[in-house]
Amino acid sequence: DAGVIQSPRHEVTEMGQEVTLRCKPISGHDYLFWYRQTMMRGLELLIYFNNNVPIDDSGMPEDRFSAKMPNASFSTLKIQPSEPRDSAVYFCASSLMGSPGNTIYFGEGSWLTVV
Amino acid sequence: AQSVTQPDIHITVSEGASLELRCNYSYGATPYLFWYVQSPGQGLQLLLKYFSGDTLVQGIKGFEAEFKRSQSSFNLRKPSVHWSDAAEYFCAVGLNTGFQKLVFGTGTRLLVSP
């Protein structure tokens, strides 16, 4: 079975540009998470959805960040305008409530560099 | 506040030697605990998890972890390390009844020497 699929895997963009990261969760999963990983702050949960509805966005750093989940098989994380301090690895993850142990499965990440 | 502490930033182990990675948590209720591994350039893979019951948990790749409530610890162990185990290891505690939110430790990077 395909895992969580993220795109792009790598992106280099200039400060001020809009960045859109995409995620396809595992089919049938009802939870989707966006995490950010940096050297300074480690892994942080930005936002998560349940059945396409945002449940907790308290980790979103500021208004420049937004996330959507228009349907069960697609989510985006958008940064507008981007800043150098947004450089990080962004992970999407999904899980199925009620599955054994509610394991959260991670994608391979989108490596973002803002110059 | 809930937190996870991994006191060792780096650990170097000789191939074939045993391994123990430390994890301590702070959480008011019964914790749901996880260990994840991240290979360079890759995402996180679940090694094992603890919810209840037997405090010694077996995982993939020959790893195990023991939950000790009295010490608020969930240390990861492996009796014989292979070079392919070199990676970063993250301990995490799941919050809420459905474990939807994971709080991660800062990670321990494992280096394996020949």
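Remarks
- In region A:35-54, the residues that are among the aliphatic types (A, V, I, L, M) and loosely packed, with under 15 Cβ neighbours inside 10 Å: A:Met39, A:Met40, A:Val53
- Residue under evaluation A:Met15, criteria (1) closer than 29 Å to B:Val4 by Cβ; (2) in contact with a strand residue (DSSP E or B) (Cβ under 7 Å, 6 or more places away or on another chain), criterion not met: (1)
- Residue in region A:6-19 that is in contact with a Phe, Trp or Tyr (Cβ under 6 Å, 6 or more places away or on another chain), buried (at least 19 other Cβ atoms within 10 Å of the Cβ), not in a loop (DSSP other than H, G, I, E, B) and not basic (Lys, Arg) present: no
- Among the residues of region A:34-73, the ones that are free of Cβ contacts under 8 Å to residues at least 60 places away in the same chain, hydroxyl-bearing (Ser, Thr, Tyr) and closer than 23 Å to B:Gly105 by Cα come to 3 in all.
- Matching residues in region B:2-54 - criterion: being more than 14 Å from chain A (Cβ to nearest Cβ), at pLDDT below 90 and not in a loop (DSSP other than H, G, I, E, B): B:Ser26
- Hits in region A:79-98 (condition: touching a residue at least 40 places away in the same chain (Cβ under 8 Å) and loosely packed, with under 15 Cβ neighbours inside 10 Å): A:Gln80, A:Pro81, A:Glu83, A:Pro84, A:Met97
- Residue list for region A:61-84, restricted to those being in a strand (DSSP E or B) and either in contact with a Cys (Cβ under 9 Å, 6 or more places away or on another chain) or not aromatic (Phe, Trp, Tyr) (or both): A:Ser66, A:Ala67, A:Lys68, A:Met69, A:Pro70, A:Asn71, A:Phe74, A:Ser75, A:Thr76, A:Leu77, A:Lys78, A:Ile79
- Those residues of region B:51-80 which are surrounded by 17 or more Cβ atoms within 10 Å (Cβ to Cβ) and out of contact with any helix residue (DSSP H, G or I) (no Cβ under 9 Å at 6 or more places or on another chain), in sequence order: B:Val57, B:Gly59, B:Ala65, B:Phe67, B:Ser73, B:Phe74, B:Asn75, B:Leu76
The values are calculated or read from the model by the stated rules, or taken from the named source; none is laboratory data. Since the structure is predicted, the reported quantities are computational estimates derived from the model, not experimental observations. Positions of Cβ are generated from backbone atoms using ideal geometry, with glycine treated the same way; all protein chains shown enter the neighbour counts.
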